[in-house]
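The values are calculated or read from the model by the stated rules, or taken from the named source; none is laboratory data. From a predicted model like this one, the values you see are computed outputs, not experimental measurements. As a convention, Cβ positions derive from the backbone with ideal geometry for all residues, glycine included, and neighbour counts pool all protein chains shown. For the accessible areas, the whole protein counts, side chains as well, though only heavy atoms, and no ligand, DNA or RNA atoms are used. Shrake-Rupley method; radii C 1.70, N 1.55, O 1.52, S 1.80 Å.
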Amino acid sequence: MTPSHTIAVLGLGRMGHTIASRLACRHRDVVGWTRSGRTSPTVRTTADPQEAVAKADLVLLALFDGPACRQVLDDIHDSLRTDTIVLNTSTIAPDEAAHLARRLGPLYVHAPVLGSVPAAADGTLEILTAADPVVYDRVRPVLEALGTVRPVEDAATAAALKLIANSSLAGSVLALRDSLQQADALGLSRARVLDVLELGHLGPLVARKRSFLSHGPTAPTAQFTVGALAKDMALLAAASNVPLRCGSVLADAAADPEADITAAAMAPATEDAVLEPLRAYIRGHATGDPAHFRAAFLPTAHIEGIREGAFVSWRLDDYCALFPGHPAPDEPARARRIDSVDVHGTVATATMTLQHGPDRFTDVFLLVRTGDDWRIANKAYHRHC
């Protein structure tokens, strides 16, 4: 594909616009189109997608999701030349990528990219590319203008690998969130914490996002949004049919889905109102006073688990009757900690570890918000042998 051939870039969001601008700056004949009607100071645009693709040797898709890709391809299908290559950089599900590959045949290249806006601008993207060998030879100069090509055997595999890569990013964002929340609880300065985190495994992420992490809402425009990453995690969970906790956590982590992913790392710690019934539960065990359990649980709550090999389900009154009103003799040696809390609107789940002498328990809680307060609706436990 020589520089004189036209490239139509469909989708001029953050990545699409940056890709189109880089190709235009490298003397490619680029025309852009976007569903929003956005124009560009650096790329020639048109309001008509059919016009954009009518003379194009290459149509590059940089769209939000699979449905957007299908809709746009439906709209332009009759205007595509018979030898036009469709290069799809969008992050979509593996089955969606496989469907497009079957529909368009050898002229379809699935090429999701690793890296965000700065990498696209610098031409340092990592590009997972599934392409027919003959077609790859035609499109390779364009791909190499954007970054390093990583050949993949088929479209579905390329799409799946992109989702896996983004899952590691999601995990890193949430690990960073946990570190910052713990540092805040310890009263450590943000600058010092970021200095130390840059030295560790989260270093590359912290270095890239330091301006966001330091300045919060006043930081520059998002490079990769919370909403887009949450969408990718939902696609991965659906494709694998394996639970993926970070997807729901990300979806609830930031009020604005258009915020940079760093907003999820800077989410505030769990509100004290959610933690209070869990702390009351801990006080009940520490003191042996059942009044703390009555403050922690709803009156309708049940406490369930396996006791001496049999399933038990206590009503709250029955559970409270197990406690004598004074601490256990070995209370100074006992320990309890809240391991996790996930809040989803008016409901929350939590886990806790209790070390009571030689016995270790994992408690799992369902909490609900009632008015301005939170209470434990039910608890299940496991005693580790």
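Odds and ends about this structure:
- Taking the protein heavy atoms of segment 1-85 in the context of the full set of protein chains, the accessible area attributed to carbon and sulfur is 49 percent at 1.4 Å.
- Gaussian network model of the chain, Cα within-10 Å springs - most flexible of Ala333, Ala296, Ala286: Ala333
- The distance between label points at Ala328 and Leu199 comes to 4.0 nm (points 7 Å beyond Cα on the Cα→Cβ vector).
- Extension gain from Cys25 to Thr148, taking 0.36 nm per residue of separation minus the Cα-Cα distance: 42.5 nm
- Packing here is the average count of other Cβ atoms within 10 Å per residue, and on that basis the peptides 366-372, 315-321, highest first, run 315-321, 366-372.
- When both bridge partners sit in segment 21-177, DSSP labels roughly 20% of those beta bridges antiparallel.
- Under DSSP loop assignment and at most 13 Cβ neighbours within 10 Å, longest GluC sites (Glu not before Pro)-free interval of the chain: 1-152
- Taking all protein chains together and a 1.4 Å probe, the residues His344, His215 rank His215, His344 from largest to smallest accessible area.
- Relative contact order [Cα under 8 Å, 6+ residues apart], segment 165-313, whole percent: 22 percent
- The heavy atoms of Thr349 offer some 60 square angstrom of accessible surface to a 1.4 angstrom probe.
- Taking Lys and Arg as +1 and Asp and Glu as -1, the other residues whose beta-carbon sits under 15 Å from that of Thr353 total +4.
- Neighbour net charge for Pro299 - beta-carbon separation under 12 angstrom, K R +1, D E -1: +2
- When each of the peptides 184-192, 111-119 is scored by the mean number of other C-beta atoms lying within 10 Å of its residues, the order from highest to lowest reads 111-119, 184-192.
- Residues in segment 111-143 reached by a label modelled at Ile164 [backbone nitrogen below 18 Å; 7 Å Cα→Cβ]: 111-115, 126-131
- Estimated Rh, segment 90-155: Kirkwood, alpha-carbon pairs, angstrom: 12.1 Å
- Taking the square roots of five times each eigenvalue of the Cα gyration tensor of the chain, the equivalent ellipsoid has semi-axes of 53, 22, 18 Å, listed largest first.
- In this structure the amide hydrogen of Arg360, modeled in the peptide plane, comes within under 5 Å of the amide hydrogens of His384, none closer than 5 places in sequence on its chain.
- Springs between Cα atoms under 10 Å define the GNM used for the chain, and in it the highest mean-square fluctuation of Val139, Val206, Val196 occurs at Val196.
- Antiparallel DSSP beta bridges within the chain, percent to nearest 5: 60 percent
- Cα-projected label distance for Ala273 with Thr349, points at 7 Å along beta-carbon direction, nm: 2.3 nm
- Per residue, the accessible area of the chain comes to 48 Å² when a 1.4 Å probe rolls over the protein heavy atoms.
- Debye log10 I(q)/I(0) at q = 0.14, 0.19, 0.22 Å⁻¹ for segment 274-385, Cα point scatterers: -0.54, -1.02, -1.38
- Evaluated with a Cβ-only charge set (Lys, Arg +1; Asp, Glu -1), the chain carries a dipole of roughly 500 debye about its Cα centre, given to the nearest 20.
- Of all DSSP bridge pairs formed entirely within segment 272-385, close to 90 percent run antiparallel.
- Extension gain, Val368 back to Thr82 (0.36 nm per residue minus Cα-Cα distance, nm): 97.1 nm
- Charged neighbours of Ala183, selected by a Cβ distance under 10 Å, balance to 0 (K, R count +1; D, E count -1).
- For Met352, the accessible surface of its heavy atoms amounts to roughly 0 Å² (probe 1.4 Å, protein chains only, rounded to the nearest 10).
- Between segment 232-305 and segment 124-190, the Cα center-to-center distance that results, in Å: 29 Å
- Between Ser214 and Ala380, the modelled label-to-label distance comes to 4.7 nm, taking each label 7 Å out from Cα in the direction of the beta carbon.
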